[in-house]
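A.B. asks: One structure follows; several queries about it will come next.
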Amino acid sequence: MASQAANLWVLLGLGLAGILMITKKLQKTVREDFGAFIDKLLLLPPPQPAPPKAPHPLTGLTFALSDLFDITGYVTGFGHPDWVRTHEAASSTCPVVSTLVEGGATCVGKTVVDELAFSISGENKHYDSPTNPAAPARIPGGACSGAAVAVATKAVDFALGIDTVGGVRVPAGYCGVLGFKSSHGAISNTGIIPVSSSLDSVGWFAHDPSTLRRVGHVLLQLPFATQRNPRQIILADDCFQLLKIPVDRITQVVIKSAEKLFGRQLLKHQNLENHFETKVPSLKEFARTKADANTKVPTLRLLANVMQLLQRHEFLHNHGDWINTVTIDPVISSQVRENPELTSEEIENLNLIRNETRVAIGLLLKDDGILVVPTMPSVPPKLGSKEITSEDYQNRASSLLSIASISGCCQVTVPLGHHEKCPVSVSFIARHGGDRFLLDTVQTMYASLQENSSIVADPKSSKKTITQEESAEIAKEKGNQAFKEKQWQKAIGLYSEAIKLSDKNATYYNNRAAAYLEVGGFLQAEEDCTKAITLDKKNVKAYLRRGTAREIKGDYKGAIEDFRYALVLEPNNKRAALSAERLKLFQ
């Protein structure tokens, strides 16, 4: 009976036909998943729609979610057993989770978070802290440590988390995976336990940029749009001075990649201290209330103080009554209880700083800029070390993390290999609301960043470590650049090189088809598009390009079928609609 109960199939109330959940409580002694999971469950997506409708966009992907997201029939744990003991099971499932399951992804479990999702260490004494698979003797980073570990071990394709003061960005950097913090308010927080409402943003982890982008498009409900490249990449020089590893280990990777993909003219350098001093005037008033007249506090440190005050004030507002009835970690307790009571005027000034910081970032980056900063100032600290609680570590880390937290801008953590056998990373920030643009930028730059990371880390052996797939991706990016420069034959050659290295990638065939269309190779373009569609039946561009090739060849019936199917995949695609309408005349 016990064994049957442990594997009980439960019908979920998600409003989705055929979604089932199989649940089994993990034993704390089982560490084969590196301690990432707190509950195993199974949320199955609905059946695939019948052709000619497109399959669900996340079909075939598995995911986990941090124990902050409600699931029908489960108590959301919040990283503390007393929370589970004193709260009822959720009566509905978080809309973010439902959206992913409806989109075709399969949820396989809930993952460990820091106690009350409050810190960034990734250590939780109640549930045995997850082990960092990239550096087992080091902390995994938090608050969403288990989610990052689940992705790093490839137990799942992606995982959900909440980023308040670094909850997704920090563990992504420490575990060597991609981590995306969405723009504040871009994704609903309904059905998620709040930490600090004005800072909490939904985020997710992935092992590759394609998955990161696919998940983002579903969660952000993004319509079809042409992918954009950055027109300026700005390195925050004063932020890199906070690093405790060689600055060139990070900056040179970004510089080499940007030069190779876009040209040196895009690169710029900026001192954020100076920019914020002139563009965030409310910080001056805040500084006067927090420091002696003769003491000049760095602007980023002031932003960090604002972030901490907001986090602690709103956390206490959300959970203060409950905290008074239980025992919580002494460090969290001291930070929250010793936080001064804020007046309405002080809260208003903190919110003014948030708004001015968001505007300041927007003025700096505009619609097409990327701000480059270190994710964290050092490699992951050792487990149990005093470094984690040291004032120097906390000041450096919170200064870097406060930029996106206070402005509400989107930020992505990108792994850049290892330094002294520990993962290192860099972060890209785009303006508030620039989530699609940031996802596109990561997709474009990722392969080149990995290539140059190997070169900077070990110039002698780097080329040997590049995989065939990475080489193919590099050839594709070179082809893209040649295409932009209207060097069609060169582009065809480079795309052909990419196909030789990796012949199961639909994008390579699709891109070569575009180049063939430019030189009048309509038969070759049609063949390449057909191959791309065989590999990826949701490739809208392949249908559009094959339709164009068929139209020019006089195969109007085939062209109309392609344009109409593109409309099924993307009902708002104007090019497909206009082409299909135009070709009706030839029927």
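A.B. asks: Probe radius 1.4 Å, ligands and nucleic acids left out: which of Asp237, Asp67 has the largest accessible area, and how do the rest follow?
C.D. replies: Result, largest first: Asp237, Asp67.
A.B. asks: Let me ask something else. Might you work out the accessible area of Lys279 for me, using a 1.4 Å probe with all protein chains in place, and round it to the nearest 10 Å²?
C.D. replies: Surface accessible to solvent at Lys279 totals approximately 90 Å².
A.B. asks: Would you check the accessible area of Thr59, probe 1.4 Å, heavy atoms only, in square angstrom rounded to 10?
C.D. replies: 60
A.B. asks: What percentage of the solvent-accessible surface of the stretch 208-280, computed with a 1.4 Å probe over protein heavy atoms, is contributed by carbon and sulfur atoms?
C.D. replies: After summing per-atom areas, the C and S share lands at 46 percent.
A.B. asks: At a 1.4 Å probe, what is the % contribution of carbon and sulfur to the accessible area of the stretch 349-496?
C.D. replies: That share works out to 52 percent.
A.B. asks: Rounded to the nearest 500, what is the 222 nm mean residue ellipticity of the chain from helices alone, with -39500 (n - 2.57) per DSSP H run of 4+ residues and division by all residues?
C.D. replies: That comes out to -14500 deg cm²/dmol.
A.B. asks: Now a separate question. Using the Cα gyration tensor of the stretch 515-587, with a ≥ b ≥ c the square roots of its eigenvalues, what is the shape: rounded (a/c below 1.5), prolate (a/b larger than b/c) or oblate (neither)?
C.D. replies: In terms of gyration-tensor shape, oblate.
A.B. asks: Once amide H atoms are built 1.01 Å from N in the peptide plane, which residues 5 or more positions from Ile187, or in another chain, come under 5 Å H to H?
C.D. replies: For Ile187, whose amide H was placed from the backbone, the distant partners under 5 Å are Val202.
A.B. asks: Of all DSSP beta bridges located in the stretch 30-186, what percent are antiparallel, nearest 5?
C.D. replies: Given both bridge residues lie in the stretch 30-186, the antiparallel proportion sits at roughly 35 percent.
A.B. asks: Restricting to bridges with both residues inside the chain, how much of the DSSP beta-bridge set is antiparallel, in percent to the nearest 5?
C.D. replies: 70
A.B. asks: Dipole of the stretch 132-255, Cα-centred, from +1 at each Lys and Arg C-beta and -1 at each Asp and Glu C-beta, to the nearest 20 debye?
C.D. replies: Dipole of the stretch 132-255, to the nearest 20 debye: 200 debye.
A.B. asks: So, with a 1.4 angstrom probe, what is the percent of accessible area on the stretch 528-587 that is carbon and sulfur?
C.D. replies: Here it works out to 53 percent.
A.B. asks: Next question. Work out how much length Leu523 to Gln443 would gain on full extension: take 0.36 nm times their residue separation and subtract the Cα-Cα distance, in nm to one decimal.
C.D. replies: This chain segment gains 25.8 nm when fully extended.
A.B. asks: Looking at the square roots a ≥ b ≥ c of the eigenvalues of the Cα gyration tensor of the stretch 342-477, which shape do they give, rounded for a/c under 1.5, prolate if a/b is larger than b/c, or oblate?
C.D. replies: Because a/c hits 1.5 or more and a/b fails to exceed b/c, the stretch 342-477 counts as oblate.
A.B. asks: How high is the FRET efficiency between Gln252 and Asp368 when r is their beta carbon distance and R₀ equals 25 Å, given to the nearest 0.05?
C.D. replies: 0.60
A.B. asks: Additional query: Considering only protein heavy atoms, what is the solvent-accessible area of Phe437 at a probe of 1.4 Å, reported in Å² to the nearest 10?
C.D. replies: Result for Phe437: roughly 10 Å² accessible.
A.B. asks: Moving on. For the stretch 300-305, in order, what is each residue's ³J(HN,Hα) by Karplus, 6.51 cos²θ - 1.76 cosθ + 1.60 with θ = phi - 60°, in whole Hz (x at glycine and Pro)?
C.D. replies: 5, 5, 4, 4, 4, 5
A.B. asks: Further, regarding this structure: Starting from the residue with the highest accessible area, list Tyr127, Tyr508 in decreasing order, probe 1.4 Å.
C.D. replies: Tyr127, Tyr508
A.B. asks: For Ala137 and Ser344, calculate 0.36 nm times their separation in residues minus their Cα-Cα distance, and state this gained length in nm to one decimal.
C.D. replies: Stretched fully, the Ala137-Ser344 segment lengthens by 70.1 nm.
A.B. asks: Expressed as a whole number of Å, what is the distance separating the alpha-carbon centroids of the stretch 378-393 and the stretch 468-547?
C.D. replies: That distance is 47 Å.
A.B. asks: Here's a follow-up. Please list, in order along the stretch 69-86, the HN-Hα scalar couplings obtained from phi with the Karplus expression 6.51 cos²θ - 1.76 cosθ + 1.60 (θ = phi - 60°), rounded to whole Hz, x for Gly and Pro.
C.D. replies: 9, 5, 10, 3, x, 10, 7, 6, x, 6, x, 8, x, 5, 5, 4, 5, 9
A.B. asks: Here is a follow-up. Put Trp204, Trp322 in order of accessible area, largest first, 1.4 Å probe: what do you get?
C.D. replies: Order by accessible area, largest first: Trp322, Trp204.
A.B. asks: Using the Cβ atoms and a cut-off under 13 Å, what net charge is assigned to the surroundings of Ile234, where Lys and Arg are +1 and Asp and Glu are -1?
C.D. replies: So the environment of Ile234 carries a net charge of +1.
A.B. asks: Spelling out what I want: for every residue of the stretch 412-418, take phi, set θ = phi - 60°, compute 6.51 cos²θ - 1.76 cosθ + 1.60 (Karplus), and round to whole Hz; glycine and proline get x.
C.D. replies: Per-residue couplings from phi come out as 10, 8, 10, x, 10, x, 10 Hz.
A.B. asks: Also, I was wondering about something else. Check Gly109: other-chain or 5+ apart residues with amide H under 5 Å from its amide H, H built from backbone geometry?
C.D. replies: Hits under the 5 Å cutoff: Leu41, Leu65.
A.B. asks: Something else about it: Under a 1.4 Å probe, what is the accessible area of the chain per residue, stated in Å²?
C.D. replies: 42
A.B. asks: Which of the three applies to the stretch 398-496, rounded, prolate or oblate, going by the alpha-carbon gyration tensor with a ≥ b ≥ c and a/c under 1.5 meaning rounded?
C.D. replies: Oblate, because a/c is 1.5 or more while a/b does not exceed b/c.
A.B. asks: Answer with a single label: of [x] 0.99; [y] 1.02; [z] 1.13, which was calculated as Rg/Rh (Cα atoms, Kirkwood Rh) from the structure in view?
C.D. replies: [x]
The values are calculated or read from the model by the stated rules, or taken from the named source; none is laboratory data. Given the structure is predicted, the values throughout are model-derived calculations rather than measurements. Neighbour counts run over all protein chains shown; Cβ positions are idealised from the backbone, glycine included. Accessible surface is based on the protein model in full, side chains and every heavy atom, while ligands, DNA and RNA are left aside. Shrake-Rupley method; radii C 1.70, N 1.55, O 1.52, S 1.80 Å.
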